[in-house]
Amino acid sequence: MADTNRTEMIAPKKLMLLVTVVKKGKGTFFADFLKNYQSNLQVSVVGIGTAENNLVEFLGLKENKRSVIFSIVREDLLKQILEALEERFYTVDEGAGIAFAVPLSSVIGKLSYGFLSNDQRMIQEN
C-alpha cells in the first residue's frame, strides 16, 4: 500500500556527470581546476586509446594514454565549466582534450546530494 502522505524531495539543482579526457599527466591539473566550479567529487583514471595505428599517426597523436576525470557538477554551471575547459585545452593541453556531460537521474540521500551539489544548507554539522 502506497504512502499517500509522502512527499518527494526535488533537488533544487540538477547534477551532471562530467567526463574530461586530457593528456596523461594533466589529470591533476584539470581535477584541481574543476574544484573552482564547486565540484566536490572527482575521480581520475588512466585511459588507453584503442584507435588503429594509421588513424593515430594521421591525427598526429603520439601517445595513446590519457587521463580521464569523472566529476560531479551542477547543471547550472555546466556551460561555464565547458567554456572554461575549452579555453584551458588550448592553453594548457595544446588543444588535446575533450569533455562531455551526462545527466544524473537520481542521488539517494539529502546529505549525499548536499555534498555533491556543494549546497551548504543541506549538509548538517554534528
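Coordinate-derived values only; no laboratory data. Fair warning: this is a prediction, and the values are worked out from it, not measured in the lab. So basically every Cβ, Gly included, is an ideal-geometry build from the backbone, and we count neighbours across all protein chains shown.
Overview of values
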{"quantity": "Cα→Cβ-extended label distance, 7 Å offset, between Val19 and Val45, nm", "calculated": "1.0 nm"}
{"quantity": "Residue-span extension gain [Val68 to Lys35] - 0.36 nm each, minus C-alpha spacing", "calculated": "10.3 nm"}
{"quantity": "Long pairs among Lys23/Lys65; Lys13/Lys110; Lys14/Lys110; Lys26/Lys65; Lys23/Lys79, criterion Cα-Cα beyond 18 Å", "calculated": "Lys23/Lys79"}
{"quantity": "Inter-label distance for Lys79 and Glu94, nm, one decimal - labels placed 7 Å from Cα along Cα-to-Cβ", "calculated": "3.3 nm"}
